[in-house]
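What follows is a short report on a single structure.
The values are calculated or read from the model by the stated rules, or taken from the named source; none is laboratory data. Here the structure is a predicted model, which means the values were calculated and not measured. All Cβ positions, glycine included, derive from the backbone under ideal geometry; neighbour counts span all protein chains shown. Ligands, DNA and RNA are stripped out before the accessible areas are found, and what is left, the full protein with its side chains, is counted by its heavy atoms. Shrake-Rupley method; radii C 1.70, N 1.55, O 1.52, S 1.80 Å.
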Amino acid sequence: MLSTDSDILKAAEGWRREGRGVALATVIETWGSAPRPVGSHLVIDHDGNFLGSVSGGCVEGDVLTEAADAIEDGKPRMLEFGVADETAWRAGLSCGGRIKVYVEKLG
Amino acid sequence: MDLSLLSALNAEREARRAAILVTELANGRQRLVRETEAEAEPMSDELLERLRTGRSGTVERDDGALFLNVHLPPVKLIVIGAVHVSQALAPMARELGLDATIVDPRTAFATPDRFPDVPVIAEWPQDALPKLGGFDRYTALACLTHDPKIDDQALLPALQAECFYIGALGSRRTHAKRIERLEAAGIGAEAIARIHAPIGLDIGAVTPAEIAVSILAEIVAEQRRDRRRAPQTRPAS
């Protein structure tokens, strides 16, 4: 069964309480045919385990890398993906949409 | 995000209360606005509208952009009647992320064997509903027994609790009798008009699975009301 956002947030809390480094990624804005709605979450731990989705799989790889950095330095960051820029092409948001993802450390 | 803030948000979700997490995008500052606190907020109109529609999004303000992440409780679906249509409906409801429970006092119908996907309570609605936390705005009710003794026990409290979806199986004639009973119980015309009867979108459904699709489609349509397009007029053929 697919994880609901409430399972994801509960897992994020549980992981943090276990002492793991945890980051939370949230879809802030979408344009065009973005696969996941605004407010969707992806939770990532310091080992790269993750739950949830911000794009249905297209840009998760890049989000995981940024999440690892956020866990490291504690600074939130805003990521943008879309077909128009090179990074996004690499990340493969091929549906033609654009998304903005906020990544923050869970303190 | 602070762990204590996430904890507070999870507590609201657990208690089936709506809340909005407000993030100042320029500096990462965050706070939680519970549904009961929204009215007293400076941006109350914006917050209340978002709680109504469930839409998250960014608001541009003079002092910077705010991201409002709206957390509504997961939709609970209570099905009265462990009937054939319910058997088809249960796995589909689960796939849609609806938190479904089947209630039917007839023990021959309400067996876990017939419903491997969802919880089944073999009791009268008036006894089963308190165990399910009762009705709220985020609950959908589908009455499918055809038996007024059973269905009406759920219909009355669902109307009072303003469930976002209330549907009842039965022909127009059955529904006319239902309306008479509800009126006799003191329910107003406006409340009665909120009942979807005959239940389900008109897709010409015949089989139990097709009827289940029509009911679930109607629930989704109600849930996503603000996203629906205006009815399209068909080109003349």
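Among the lysines in the protein assembly as shown, how many pairs, 8 or more places apart or on different chains, have alpha carbons under 25 Å apart?
The number of close lysine pairs in the protein assembly as shown is 11.
Can you give me the Kirkwood hydrodynamic radius for chain B, using every pair of distinct Cα atoms, in Å to one decimal?
Answer for chain B: a Kirkwood hydrodynamic radius of 19.7 Å.
Would segment B:140-188 count as rounded, prolate or oblate if I go by the C-alpha gyration tensor, calling it rounded below 1.5 in a/c and otherwise prolate when a/b exceeds b/c, oblate otherwise?
It comes out oblate by the Cα gyration axes.
On a 0 to 90° scale, report how tilted helix B:172-184 is relative to the longest principal axis of chain B, with both axes built from alpha carbons and the result rounded to the nearest 10.
The two axes meet at around 70 degrees.
If I take all pairs of Cα atoms in the protein assembly as shown, what percentage of them are more than 28 Å from each other?
51
At 7 Å along Cα-to-Cβ for each site, give me the label-to-label distance between B:Glu180 and B:Asp45 in nm.
Reported label-point gap for B:Glu180 and B:Asp45 is 4.9 nm.
Between B:Asp147, B:Asp63, B:Asp45, find the one with the highest GNM mean-square fluctuation for chain B; connect C-alpha pairs within less than 10 Å.
B:Asp63
Among B:Arg50, B:Arg172, B:Arg13, which one moves the most in a GNM of chain B with springs linking Cα atoms closer than 10 Å?
Most flexible of the set in this elastic network: B:Arg172.
In deg cm²/dmol and to the nearest 500, what is the mean residue ellipticity at 222 nm of the protein assembly as shown if only DSSP H runs of at least 4 residues count, each as -39500 (n - 2.57), divided by the residue total?
Computed mean residue ellipticity for the protein assembly as shown: -10500 deg cm²/dmol.
Rounded to the nearest whole Å², what accessible area per residue is found for chain B with the 1.4 Å probe?
Accessible surface, normalised per residue, equals 52 Å².
Just tell me how shielded B:94-103 is by partners: mean number of partner chain Cβ atoms within 10 Å of each residue's Cβ, no decimals.
If you average over the peptide's residues, the count of other-chain Cβ atoms is 1.
Among B:Thr207, B:Leu5, B:Gln30, which residue has its Cα positioned farthest towards the positive end of the charge dipole of chain B, with +1 placed on the Cβ of Lys and Arg, -1 on the Cβ of Asp and Glu, and the dipole taken about the Cα centre?
Positive-most Cα among the choices belongs to B:Thr207.
What total accessible area, in Å², is buried where chains B and A meet, using a 1.4 Å probe and rounding to the nearest 100?
1700
Using a basic spin-label model with each label point 7 Å from the Cα along Cα→Cβ, how many nm lie between B:Gln126 and A:Asp73?
Each label point lies 7 Å from its Cα, and together they span 6.5 nm.
At 1.4 Å probe size, with the rest of the protein present, what percent of the exposed accessible area of segment B:99-237 is carbon and sulfur atoms?
53
Ranking request for peptides A:35-44, B:193-202, B:64-73: highest mean number of other beta-carbon atoms within 10 Å first, then the rest in descending order.
Ranking, from highest mean packing down: A:35-44, B:64-73, B:193-202.
Under unit Cβ charges (Lys, Arg +1; Asp, Glu -1), what dipole magnitude, rounded to 20 debye, does segment B:3-71 have relative to its Cα centre?
Rounded to the nearest 20 debye, it is 360 debye.
Relative to the longest principal axis of the C-alpha atoms of chain B, give the angle of the C-alpha long axis of helix B:3-14, reported between 0 and 90° and rounded to the nearest 10°.
20
Could you tell me the distance between the Cα centroids of segment B:115-170 and segment A:41-78, to the nearest Å?
Answer, in whole Å: 41.
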